[in-house]
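The values are calculated or read from the model by the stated rules, or taken from the named source; none is laboratory data. The structure displayed is predicted, hence computed values, not measured ones. Here the Cβ positions follow ideal geometry from the backbone for every residue, glycine too, while neighbour counts run over all protein chains shown.
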Amino acid sequence: MTRTGSATPHLFADWDGIARRIRENQRLALFLDFDGTLVRIAAMPDHVRLEEEMRGVLRKLAAHQKVTLTVISGRQRAELQRYIGLRNMQYLGLYGWESNGNKTVPFPDRVALVSVLLSLLAELPSYPGVWIEPKRNTFSVHLKDASGETKRRVVRQVERRIKPLAQSLKVMANLRDVEVAPVSIGDKGVAVRKFLDQPDMRGALPIYFGDDFSDEPAFAAAERGISVLVGKRRATRAQYCVRGPVEVAEALSRMEKIIR
Ligand SMILES: [Mg+2]
C-alpha cells in the first residue's frame, strides 16, 4: 500500500507496539540502506562519514544472536565494507545484487553498458552539477547539484540512450542520481525477498530503513515487518517514517536496549 507523505506515522509515535513485536520475535532480519540512512548526504559521495555512535550501535546489534544485520545499498560492496568496517554483518552492494563479488553480468549487457557510458561521458559533463561515476557493473549519473530543469533534461537524455538497448539495460531513478544497470541486476526488493525466503528466516521479523526511491520495492518486500522511510516525507510504501540518520541511530539504540 502506498501512503501519502502526511499519512505516514512517525516510528516513535507507535513505539510500544513496535517494542512488543521486537521483544516477542525470536529473530530480527534488520536491513539498512547506507546513504541518507546510516550517514548524512555529503557534498561528494566519498565524503560521507559513519558517526561513532552509529558504528557503536551497529556493532552491538551485529553481535546479537537474535539479529541478522544487512546493509544494502546502490554503492559497490567494497565501499560499504570500507566505510562501516564491522564484522558479523552482511554487505550487499549494487541494490543487493553484489553479495560476494563472484557474479558476472552477461557479456552483451556489459558491452551495451560500456557503449552507453562512453557516449554519456562525452555528452553530459557540459551540464553544470552533473557528473558520472563508473562502477564495476553499473554507472551513476549524479544530479544532486543540478537544477530541476537540468535534471529532467539529463534523465530524458539517459532514457533516450537506453531505449534501443532495453533488452540489456535499465535506468533506475533515485533522489540524487540515476543509475544505469544491466537488466540482470535486480532491485532491493528482490534481494530482501530472497534473503527472507531462506528456511531459517521464514519466521523472522523484517525491519527495513531506507530513504530513496530504490528502497520502495524493499519496503514492500518487508511488508510483514516494520518498514521505515528516512528523511523528507513523501508518498511511500513504508509504514513509518523518521527524520534522518540521527533518528535512525536513536531507533536502533532503542531496539538494542529491548533485546539486550
Ligand atoms: Mg539511501
Given (1) crowded, with 19+ Cβ neighbours inside 10 Å; (2) within 16 Å of the ligand (Cβ to nearest atom); (3) closer than 16 Å to Leu94 by Cα; (4) of a type outside the set (Ser, Thr, Tyr), where does Phe195 come up short, assuming only one miss? (2)
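Scan the stretch 202-225 for residues that are touching a Lys or Arg at 6+ places or on another chain (Cβ under 7 Å) and at pLDDT 95 or above and jot them down.
Of the stretch 202-225, the ones touching a Lys or Arg at 6+ places or on another chain (Cβ under 7 Å) are 203-206, 214-221.
Within the stretch 202-225, Ala204, Leu205, Pro206, Ser214, Asp215, Glu216, Pro217, Ala218, Phe219, Ala220, Ala221 meet the criteria.
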From the list Glu179, Glu216, Glu250, pick out the single residue that is touching a Phe, Trp or Tyr at 6+ places or on another chain (Cβ under 9 Å) and buried (at least 18 other Cβ atoms within 10 Å of the Cβ). Glu179
May I ask you to list the residues in the stretch 234-248 that are of a type in the set (D, E, K, R), farther than 20 Å from Arg224 by Cβ and either touching a strand residue (DSSP E or B) at 6+ places or on another chain (Cβ under 7 Å) or in a loop (DSSP other than H, G, I, E, B) (or both)? Arg234, Arg243
How many of the residues in the stretch 201-215 are over 24 Å from Ser253 (Cα atoms) and either within 16 Å of the ligand (Cβ to nearest atom) or touching a residue at least 60 places away in the same chain (Cβ under 8 Å) (or both)? 2
Only one of (1) surrounded by 18 or more Cβ atoms within 10 Å (Cβ to Cβ); (2) within 16 Å of Met172 (Cα to Cα) does not apply to Leu92, and that is (2)
Hits in the stretch 153-186 - residues which are away from the ligand (no atom under 16 Å from the Cβ), among the β-branched types (Val, Ile, Thr) and under 28 Å from Gly231 (Cβ atoms): Val154, Val155, Val158, Ile162, Val171, Val180, Ile185
Selection from the stretch 126-158 of residues that are part of a helix (DSSP H, G or I), loosely packed, with under 14 Cβ neighbours inside 10 Å and at pLDDT 90 or above: Gly148, Glu149, Arg152, Arg156
Within the stretch 194-230, the count of residues that are within 13 Å of the chain's Cα centre (by Cα) and in a loop (DSSP other than H, G, I, E, B) comes to 2
Mind telling me which of the residues Ala218, Ala235 ends up being assigned by TED's automatic domain parsing to the domain that holds Thr37 and away from the ligand (no atom under 13 Å from the Cβ)? Ala235
